[in-house]
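Below is one structure, written out as structure tokens; comments come after it.
Each value in this text was obtained by applying a stated rule to the coordinates, not by laboratory testing. Nothing here was measured: the structure is a model prediction, and the numbers come from that model. Reconstructed Cβ throughout: ideal geometry from the backbone, glycine too, with neighbour counts over all protein chains shown.
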Amino acid sequence: MRPREPACAPADPATDAVSVTARCRDRRRTLVSVRLQRQVVDYALRRRSLLAEVYSGRTGVSEVCDANPYLLRAAKFHGKPSQVMCPICRKEQLTLVSWVFGDQLGAVSGSARTTEELLAMASRYEEFSVHVVEVCRTCSWNHLVKSYVLGAGRPPKGSRTTQTAGNGARTVSE
Ligand SMILES: [Zn+2]
């Protein structure tokens, strides 16, 4: 009964060190990218109510399975496979596509980007938003999963550091 290894250290000394290292690296990368996300908006509720409409027949399948060729191509080349089965056709696992938007991005705004590219952009730009869309490449179901803001943030105006009154401040002037 191990509750999911909390740390990267191998719980079992006999565990293959190489695979543990690789697993830790992957996990760390996921943690970093999650921590960088700001103003996260989750659209799970809207997704659920839309699917309820489709299942009840109030909304036609053709209305929700309308991914355009551009989105399908982005899913193929920039998408990230998810563990979630398509809620409409149940024939394949959904692909997640991250679209970037922002004034600073210029021509890049409105394009799909991989996780690696997002991380690189997060340190290069002050602020841009990311819209994650799930896509089924079989039936063309597509829906906005979540949106968030990435970026290094605005540099503080001036380089004035806040002085804290107390013992620490005195040592600076000595
Ligand atoms: Zn599908």
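Using the Cβ-Cβ distance between residue 116 and residue 50 with R0 set to 41 Å, the FRET efficiency works out to roughly 0.85.
An ellipsoid equivalent to segment 38-150, defined through the eigenvalues of its Cα gyration tensor, has semi-axes of 27, 15, 12 Å when rounded to whole angstrom and sorted largest first.
Electrostatic tally near residue 125: other residues with Cβ closer than 12 Å to its Cβ, Lys and Arg +1, Asp and Glu -1, net -1. Short-range pairs are left out: with C-alpha atoms under 8 Å and at least six residues apart, the relative contact order of segment 38-150 is 33 percent. Projecting label points 7 angstrom from Cα along Cα→Cβ for residue 91 and residue 138 puts them 0.6 nm apart. Based on the Cβ-Cβ distance from residue 108 to residue 82, what FRET efficiency comes out when R0 is 22 Å, to the nearest 0.05? The calculated FRET efficiency here is 0.35.
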